[in-house]
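Report on the following structure.
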Amino acid sequence: MEVEEENPPSTSLAESSAEVPDSQTLISASETIIPPIVPTAIVPPIAPIPTIPPPQVPAPLAPLPVRTPVFKPPQNGEVRTSDSDSDEDDSGTRATTGGYEISEESRQVRERQEKAIQELLMKRRAAALAVPTNDMAVRARLRRLGEPITLFGEREMERRDRLRMLMAKLDAEGQLERLMRAHEEEEAAATATAQDADEEMLQYPFYTEGSKALLDARIDIAKYSIVRAASRLQRARRKRDDPDESLDAEIDWALKQAESLFLDCSEFGDDRPLSGCSFSHDGKLLATRYLSLSFSMLIHTSINSSLQFDSHFALSGVAKIWSMPKVHKVSALKGHTERATDVAFSPVHNHLATASADRTARLWSTDGSILKTFKGHLDRLARISFHPSGKYLGTTSFDKTWRLWDIDTGEELLLQEGHSRSVYGLAFHHDGSLAASCGLDALARVWDLRTGRSILALEGHVKPVGLQTYVLGISFSPNGYHLATGGEDNTCRIWDLRKKKSLYIIPAHSNLISQVKFEPQEGYFLVTGSYDMTVKVWSGRDFKLVKTLSGHEAKVTSLDVSSDGNYISTVSHDRSVKIWSSKSNGKDQAMDVD
């Protein structure tokens, strides 16, 4: 009994052994089994898992209200036959719009969208069509299609777009036969025109052949300009390389002379306004033009007793010659049948030329006899200018051309077109190789007299509102590469012929500039005259203001500078001619002429 009490686990072992399979060896009950001591692991406490609330079920939505059909009474005489038609229409509308009725605004928006889509498709179809680019071909095709060739105010591109849309419309409507017929007629006409053009090309050249006299003149001008250009460049190199010559000192001296200008003489010229003047090559003669019919001369005795003559046109038809300071009549000249527009002295002798509104130019001697008459312009003449060689004369006209004449024969050598409006001013380069013209088209052009080509188109004079303006004065600088222009925009522009652009813009006056002139010896200063009744002298180095000559009581219409740079003559609508001099106390301080 004690043994059984002491070993109670044997029974449990026997019971557990009974569960062991037969393949395992059974442990006898007499053996004592001591189980291993396994330390108990300490398990950390686990945080409680939060409870997830069940998802909330949304409340059911209320049913949509059913809109009652709106009865619309018939308008504008519409008759509704039955309610069934309206029901069918409403049902169809609701079927296409999801059960809602389309408002009038939505319907209009949809119509506009459909129209825009149709226009877009039409433009795409039109863009794929081949439309001629020549305006004459566009007009011909419109005529063949039975459409007006042009509409009021229609431009070329608008006419071409109209033809394109018309062709696209015909293509969309299926009228291909009509379109193809027009194409065939156009091709046949183009073929015939090309054949005629080929025949004309075989018979006539595409250019206007110049005369033998023009060819000889171009050769003569080329030879003359080469010698003059070489002399100018040699003089410039000498001034640059010679340490004894100071260019700045020369310019300062010339500007000092210009700064000392004073009113030497003022003479009442005529009972009509004066409009132009020109010094002779030796500075002893001064020719002026008046808005009148006849020509006269003034003799001016200056302080150093050198004679200066002033010739002008008078309305009375009697030429007047005056001596000063004692004014008395000397001689008379008669010529043009209408008012004179310009006068210029020859650079090599004392002959002078005049331009007139009677479409002619005349060459005069100082004794008043007419040497040559130049006829050919189709409208009144504006300005006149001699070539530096003295062999040729240039005239500008309101017929949009300028012409070159032979002094000896009186023959017209060149008729030059190029301006879209009247040509007003003309100047020749001091080398004789170039000519510059300006006009009422706000443009100045530079021409090569040796080839006849337009080598530069100088555009820049504009009004403040952006409109084109007139260019009235033009002058080459003796340095060979500066060109001055003055116009209706109150500014004087200095152009650099080497850079082909505007170098300076001088806000010179408060009214239009009627004339610009460089000092003819070296171009050390520039003189501008304006309708603001003043004449201003500007530095040729930096184009700063040097002197303002005030004295006229009306518009200053023209001016000129003597060959030595000591005299400036101005004429005005106040009917007076004024001579401004830089000489004082009878001492001749003239610049040395090469």
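The values are calculated or read from the model by the stated rules, or taken from the named source; none is laboratory data. The model shown is predicted, which means the values in this text are computed figures rather than measured ones. Glycine gets a Cβ as well: all are built from the backbone with ideal geometry, and neighbour counts include every protein chain shown. Ligands, DNA and RNA are stripped out before the accessible areas are found, and what is left, the full protein with its side chains, is counted by its heavy atoms. Shrake-Rupley method; radii C 1.70, N 1.55, O 1.52, S 1.80 Å.
Less than 5 angstrom separates the built amide H of Gly439 from those of Tyr424, Gly425, Val471, all sequence-distant by 5 or more or on a different chain.
Within segment 480-557, the GluC sites (Glu not before Pro) that combine a DSSP coil assignment with at most 12 other C-beta atoms in a 10 angstrom radius are Glu553. Count Lys and Arg as plus one, Asp and Glu as minus one, and take only other residues whose Cβ is under 12 Å from that of Gln108; the net charge is then 0. Accessible area per residue for segment 378-520, computed on protein heavy atoms with a 1.4 Å probe, is 36 Å². Less than 5 angstrom separates the built amide H of Leu458 from those of Ala444, Arg445, Val446, all sequence-distant by 5 or more or on a different chain. For segment 235-246, putting each phi into the Karplus relation 6.51 cos²θ - 1.76 cosθ + 1.60 with θ = phi - 60° gives couplings of 5, 5, 5, 5, 5, 6, 8, 7, x, 7, 9, 10 Hz, in residue order, rounded to whole numbers and with x for Gly and Pro.
Just in segment 508-548: which trypsin sites (Lys or Arg not before Pro) are loop by DSSP and have at most 14 other Cβ atoms within 10 Å? Those that pass, being in a loop and sparsely packed, are Lys544. With a threshold of 22 Å on the Cα-Cα distance, the over-threshold entries among Lys463/Lys499; Lys284/Lys517; Lys372/Lys578; Lys239/Lys517 are Lys463/Lys499; Lys372/Lys578; Lys239/Lys517. Using a cutoff of 8 angstrom between alpha carbon atoms and counting only pairs six or more residues apart, the relative contact order for segment 361-452 works out to 19 percent. Residues in segment 430-442 carry Karplus couplings, in order, of 5, 7, x, 8, 10, 9, 10, 10, 9, x, 7, 9, 6 Hz; the curve used is 6.51 cos²θ - 1.76 cosθ + 1.60 with θ = phi - 60°, and Gly or Pro positions show x. Within the shell defined by Cβ-Cβ distances under 11 Å, the residues around Leu545 carry a net charge of +1, with Lys and Arg each +1 and Asp and Glu each -1.
So for segment 120-173, averaging the separation of alpha carbon pairs under 8 Å that are six or more residues apart and normalising by length, what relative contact order in percent results?
Value for segment 120-173: 52 percent.
For GluC sites (Glu not before Pro), the sites in segment 370-453 that DSSP calls loop and that have at most 16 other Cβ atoms within 10 Å are Glu411, Glu417. Amide hydrogen proximity for Glu147: with H placed 1.01 Å from N in the peptide plane, no residue at 5 or more positions away or on another chain lies under 5 Å. Other residues lying with their Cβ under 15 Å from the Cβ of Asp399 contribute a combined charge of +2, Lys and Arg counting +1, Asp and Glu -1. Rounded to the nearest whole Hz, the Karplus-based 3J(HN,Hα) values (6.51 cos²θ - 1.76 cosθ + 1.60, θ = phi - 60°) of segment 388-402 follow the sequence x, 6, x, 8, 10, 10, x, 10, 10, 8, 7, 8, 6, 9, 10, with x at glycine and proline.
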